[in-house]
Amino acid sequence: MNAAGVLGMSPSILKRIYDSGAGAVVTKSLGPKPRKGHPNPTFVRVEAGGLNAMGLPNPGAEYFVDEIKELKNMGVPVIASFFGGSVQEFAEVAYTLSRAGADALELNASCPNVAEELGMLAADANNVEKVTAAVKDQTKLPVFVKLSPSVTNIKIIAKAAEWGGADAITAVNTVKAIAIDVNMRRPILANVTGGLSGPAIKPIALRCVWDVVQAVNIPVIGCGGITTGEDAVEFILAGATALEVGTAVMTHGIGVYKDINDRIASYMTENGFKEIKEMVGLAQE
Ligand SMILES: Cc1cc2nc3c(=O)[nH]c(=O)nc-3n(C[C@H](O)[C@H](O)[C@H](O)COP(=O)(O)O)c2cc1C
């Protein structure tokens, strides 16, 4: 799958991602109402990755209902990513997106700057459980809960999501970071801090997947810095059963999905694996 938000969200782009080899597409995170996001600059390239502080700009879940229907009519499996500012809002947005015909929901429990009532949702196990349970009350769809790596113990947060009824965990979102312009002597992003993504965070994301796999009995979706087929195999060996690729599509183009699929296939042939599931978690045994 593509990782939420990286390439925007128009149905035509998501359809191209699907045609390029992704098994399903993930929308940008949708909220209860339209949101402008943060002022520019919101993105800067840094060593081995990117730093973004988009601030979740989105047209609102209601507006995106038709786009989801359009994608479904084109035969594309759609995972709708979403967020809210309160337990109630999370539940309402989940309900709207289920009615739109999404195949699954990805609950973005990892954005630091949107959940007013919930404070730092990403780091609060009780709130993660509460929000997940409220969402599961509103939908029959599978719910993936996407976690932040910037927490003390990701195992506790993952377990809380599982207790709340999560059907899978997506690990992980970006890592909080800063870039400074030495000539301006100021932070480059208008928001000061942003989320680091790309190869720079791969070892962190891999460790998070490793930990979460040990903590829960539901599938884990690996995300963070995956660029090559080898990266993908590493995440599978750590225990991920599906993957999301974001920043690599900005650096390597849309062909990255096919390249990764092809390399996983050739790795399997070279090493005598017939099915992905034979490889899942092998490094943990
Ligand atoms: C420009 C940009 C926008 C993003 N928007 C979202 C978003 O709307 N929702 C979300 O859950 N994650 C969002 N992310 C995080 C990615 O989905 C992903 O978790 C992260 O970038 C790590 O994966 P990667 O290294 O493959 O990019 C965004 C990342 C970037 C770079």
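The values are calculated or read from the model by the stated rules, or taken from the named source; none is laboratory data. Bear in mind that the values here come from a model prediction, so they are computed numbers and not experimental data. Don't worry about glycine lacking a Cβ; one is built from the backbone with ideal geometry, like all the others, and counts go over all protein chains shown.
Structural remarks
- Residue that is nearest to Ser98 (Cα to Cα), among those in segment 1-42 that are within 10 Å of the ligand (Cβ to nearest atom) and surrounded by fewer than 17 Cβ atoms within 10 Å (Cβ to Cβ): Gly8
- Restricting attention to segment 129-158, the residues that are over 20 Å from Ala104 (Cα atoms) and over 18 Å from the mean Cα position of the chain (by Cα) add up to 3.
- For Val151, the stated conditions hold: it is modelled with pLDDT under 95 and among the hydrophobic types (A, V, I, L, M, F, W, C).
- Val233 being in contact with a Phe, Trp or Tyr (Cβ under 8 Å, 6 or more places away or on another chain), among the aliphatic types (A, V, I, L, M) and more than 22 Å from Ser266 (Cβ to Cβ): no
- Complete set of residues in segment 1-30 that are assigned to a helix (DSSP H, G or I) and in contact (Cβ under 8 Å) with a residue 24 or more places away in the chain: Pro11, Leu14, Lys15, Arg16, Ile17, Tyr18
- Candidate set: segment 227-277, residues that are aromatic (Phe, Trp, Tyr) and in contact with a strand residue (DSSP E or B) (Cβ under 8 Å, 6 or more places away or on another chain); chosen: the one nearest to Ile79 (Cα to Cα): Tyr257
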